[in-house]
Amino acid sequence: MEYFRDKVAVVTGGAQGIGRCIAEEFQKAGAQVCVIDKQEGDHFVGDIADKQTLEQFTQEVIAKHGHVDYLINNALPLMKGIDACSYEEFQYTMSVGVTAPFYLVKLFAPHFAEGAAIVNISSSRDRMSQPQTESYTAAKGGIAALTHALAVSLAGRVRVNSISPGWIDTTYTVYNGPDAVQQPVGRVGNPLDIANMVLYLCSDKAGFITGENICIDGGMTHQMIYHGDNGWKLEL
C-alpha cells in the first residue's frame with residue numbers, strides 16, 4: 001500500500017545501513033526520496049558537515065519538488081574517545097551530528113508542507129556510554145535535545161521526534177547465544193526495526209506525537225545489571 005504516495009522524504013546518510021533501509025521503505029510506500037550521502041551512488045553526493053553542500057542540496061530538492069514532507073536526519077557521526085579524538089575531529093562530529101540537522105531544518109523551514117514531520121536518529125548512547133566514545137555520544141545527546149527544542153519552535157507547523165536505536169546490525173546477521181539472550185526481546189535489532197518507526201512517526205497515525213524520543217533497543221537500557229544477577233558476572 002503506497003501510504004506516502006507523492007510525498008517528498010529527505011534522508012541524510014541514506015546510501016547505507018539504517019538510512020538506506022529508511023529510504024527504501026519510503027520508496028516502497030510511494031514517496032519521492034531525496035538522499036544525501038558521502039558514499040558515491042545515484043543520489044546527491046556530499047559531506048553534510050559543509051555549509052555550502054547543505055545549501056546546494058536543499059536548493060536542488062526544492063527546485064525539483066517544491067516542498068518537503070519529511071526530513072530524516074540520520075547521517076552517522078564519527079565515534080572517537082577523549083584519548084584519541086582531536087579538537088578538529090570533535091568539531092567535525094558535532095557538525096555532522098547536530099549542526100547539519102539544525103541547518104537543514106532551517107533551510108527547509110519555509111518549504112515544509114502541511115502535516116510535515118522530522119525524525120532525528122539519535123542513539124541509546126544519548127543516555128548511556130562505553131569508554132572512549134565521547135564524540136559520538138555528545139553528538140547523539142545533542143540531537144536528542146535539539147529534537148524537543150525544534151518541536152516547540154515549530155509547533156503547529158511540523159512535528160519533530162527522535163529515535164534512539166540500540167544494537168542494530170545493518171547486515172541483518174542473526175545472533176545466537178549471549179549476544180541475543182542478553183537483550184530482553186531475545187535478539188539483536190535490524191534496520192527495519194528503526195525504519196518501521198520512522199514511517200509510523202511520519203504518518204497521520206502519529207499525529208499527536210511531537211517532541212518525543214523513542215528508544216528502540218530491545219529493552220537493554222531498562223535492564224539493571226548487577227554482578228551475579230541474572231547470569232551477569234563482572235570479571236576483574
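The values are calculated or read from the model by the stated rules, or taken from the named source; none is laboratory data. Only a predicted model underlies this, so the values are computations on that prediction, with no experimental measurement involved. Note that each Cβ is placed from the backbone with ideal geometry, even for glycine, and that neighbours are counted across all protein chains shown. SASA here: full protein model, heavy atoms, side chains in, ligands and nucleic acids out. Shrake-Rupley method; radii C 1.70, N 1.55, O 1.52, S 1.80 Å.
For the stretch 211-220, taking the residues that are open to solvent by 30 Å² or more (accessible area, probe 1.4 Å) and touching a Leu at 6+ places or on another chain (Cβ under 9 Å), the one that is nearest to Glu25 (Cα to Cα) is identified as Ile214. The residue pairs whose first member lies in the stretch 61-88 and is more than 24 Å from Asn161 (Cα to Cα), whose second member is buried (at least 17 other Cβ atoms within 10 Å of the Cβ), and whose beta carbons are closer than 6 Å, counting only pairs six or more residues apart or on different chains, are Lys80/Ser135; Gly81/Thr133; Gly81/Glu134; Ile82/Glu134; Cys85/Ser135. Count of the stretch 104-161 residues, restricted to those that are under 19 Å from Glu212 (Cβ atoms), open to solvent by 60 Å² or more (accessible area, probe 1.4 Å) and small (Gly, Ala, Ser), is 3. Only residues that are open to solvent by 40 Å² or more (accessible area, probe 1.4 Å) and among the hydrophobic types (A, V, I, L, M, F, W, C) were counted across the stretch 178-188, and they come to 2. Being within 20 Å of the chain's Cα centre (by Cα), more than 26 Å from Gln132 (Cβ to Cβ), of a type in the set (Asp, Glu) and modelled with pLDDT of 95 or more is not true of Glu60. Looking at the stretch 37-56, can you tell me whether even one residue there is under 22 Å from Leu107 (Cβ atoms), open to solvent by 20 Å² or more (accessible area, probe 1.4 Å), in a strand (DSSP E or B) and in contact with a His (Cβ under 8 Å, 6 or more places away or on another chain)? No - not one qualifying residue is present in the stretch 37-56. Flag set for Arg157, criterion: more than 21 Å from Glu25 (Cβ to Cβ) and of a type in the set (D, E, K, R).
Selection of the stretch 162-177 for residues being over 17 Å from the mean Cα position of the chain (by Cα) and surrounded by 13 or more Cβ atoms within 10 Å (Cβ to Cβ) yields only Tyr175. The residue that is farthest from the chain's Cα centre (by Cα), among those in the stretch 192-210 that are closer than 21 Å to Gly142 by Cα and crowded, with 16+ Cβ neighbours inside 10 Å, is Thr210.
Out of the stretch 208-236, which residues are touching a Lys or Arg at 6+ places or on another chain (Cβ under 8 Å) and assigned to a strand (DSSP E or B)? The answer is Cys215, and nothing else.
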